[in-house]
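Worksheet: the structure to be examined is printed underneath.
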Amino acid sequence: MVFQTIDILRNEIPLEQESVNLPEDAVTGLVLVDIINGFCTVGAGNLAPREPNRQISGMISESEGIARLFCNKKWPVMAFLDSHHPNKPEDPYPPHCIAGTDESNLVPALRWLENESNVTIRRKDCFDGFLGSIEADGSNVFVDWVTKNQIKTLLVVGICTDICVLDFVCSTLSARNLGLLKPLKDVVVYSRACATFDVSLQVARNTKGALAHPQEFMHHVGLYMAKERGAKIANSVSFITAEKP
């Protein structure tokens, strides 16, 4: 029944994806959203998978590969890490990724990023990395990062496709449209390096406060909504060298 529903969804709101070529002569920035233990490592917390999950494992693998390419080129990378304070709940979700715990740290496959000079780590206490980048003085770490590095294209990967990834993409596109993120032009979501979680209807009905969240369904919806806001959705990403005159 679930697979039939997904087929209906894909027929009703088909998602056309594209191959995106990133030119070597223009600055592209990579944003990794919440690829942390609390969302990705089996048994790591209230919102972590209960068993190995193929979509999440694939997202981690693809994200690691892309991150290594960016670090080899010394291109700018920003990693958002969900880090909450115990006295600031994030309804409707149970306590998760509390600051100072291993839940809020990068997954083992990406911990090496902490030692890379081109990587900026930003711990955020809300869904949206854009809003989570606002400092007490009103400045915005993400906006400053884009401006400082003169980023023209943003490549976005991570979890969850339909929550933190989507919220960040929507805010970023709105800020770009208002001229707040010059010289940013394109926001690209790499679908194979994104994932979301899975909660069946049966589990949701038997869990107080839980909402059903079919993984493939919501992953598709998250990507579709990002495209609806103006993002490019890529199923492959490659780097091209500018031709010499």
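The values are calculated or read from the model by the stated rules, or taken from the named source; none is laboratory data. Everything numeric in this text was worked out from a predicted model, so none of it was measured. All Cβ positions, even for glycine, are placed from backbone atoms using ideal geometry, and neighbour counts span all protein chains on display. For the accessible areas, the whole protein counts, side chains as well, though only heavy atoms, and no ligand, DNA or RNA atoms are used. Shrake-Rupley method; radii C 1.70, N 1.55, O 1.52, S 1.80 Å.
Once every DSSP H run of n ≥ 4 in the chain is given -39500 (n - 2.57) and the sum is divided by its residues, what mean residue ellipticity at 222 nm do you get, rounded to the nearest 500 deg cm²/dmol? Spell out each step's value before the answer.
Details: 7 runs with 78 residues, N = 245.
Calculated at 222 nm, the ellipticity per residue is -9500 deg cm²/dmol.
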Kirkwood estimate for the range 147-242, i.e. one over the average of 1/r between Cα atoms, Å: 14.6 Å
Accessible area of LYS73 in the full protein assembly, 1.4 Å probe (Å², nearest 10): 70 Å²
Lysine pairs meeting the criterion (Cα under 19 Å, 8 or more apart or interchain), as found in the chain: 14
In Hz, Karplus ³J(HN,Hα) per residue of the range 179-191 (6.51, -1.76, 1.60; θ = phi - 60°; x = Gly, Pro): x, 8, 10, 5, x, 4, 10, 10, 10, 10, 9, 8, 5
For the range 1-89: relative contact order, % (alpha-carbon pairs under 8 angstrom, 6 or more apart): 31 percent
Relative pair counts by distance (%), Cα atoms of the range 140-184, 5 Å bins: 5, 22, 30, 26, 14, 4
Rounded if a/c under 1.5, otherwise prolate or oblate - the range 1-67, Cα gyration tensor axes: oblate
Stokes-Einstein diffusion coefficient of the range 1-121, Kirkwood radius over Cα pairs, 10 °C, 1.306 mPa s, in µm²/s: 96 µm²/s
Mean accessible surface per residue for the chain, computed with a 1.4 Å probe while every protein chain stays in place, in Å²: 51 Å²
Cα lying deepest toward the dipole's positive end in the chain, options MET78, PRO95, VAL221, charges on Cβ: MET78
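I need the Kirkwood Rh of the range 70-178: take the reciprocal of the average 1/r across all distinct C-alpha pairs and report it in angstrom.
Details: mean 1/r = 0.0670 Å⁻¹.
So the Kirkwood estimate lands at 14.9 Å.
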Equivalent ellipsoid semi-axes - Cα gyration tensor, the range 32-81, angstrom: 24, 12, 6
The range 180-206-the range 23-91 distance, computed between alpha-carbon centres (Å): 11 Å
Distance between the range 118-176 and the range 208-234 - C-alpha centres, whole angstrom: 18 Å
The chain, dipole about Cα centre (Lys/Arg Cβ +1, Asp/Glu Cβ -1), debye to the nearest 20: 320 debye
For the chain: Kirkwood Rh in Å [reciprocal of mean 1/r, alpha carbons]: 18.4 Å
Sites LYS185 and ALA109, calculated FRET efficiency, Cβ-Cβ separation with R0 25 Å, nearest 0.05: 0.25
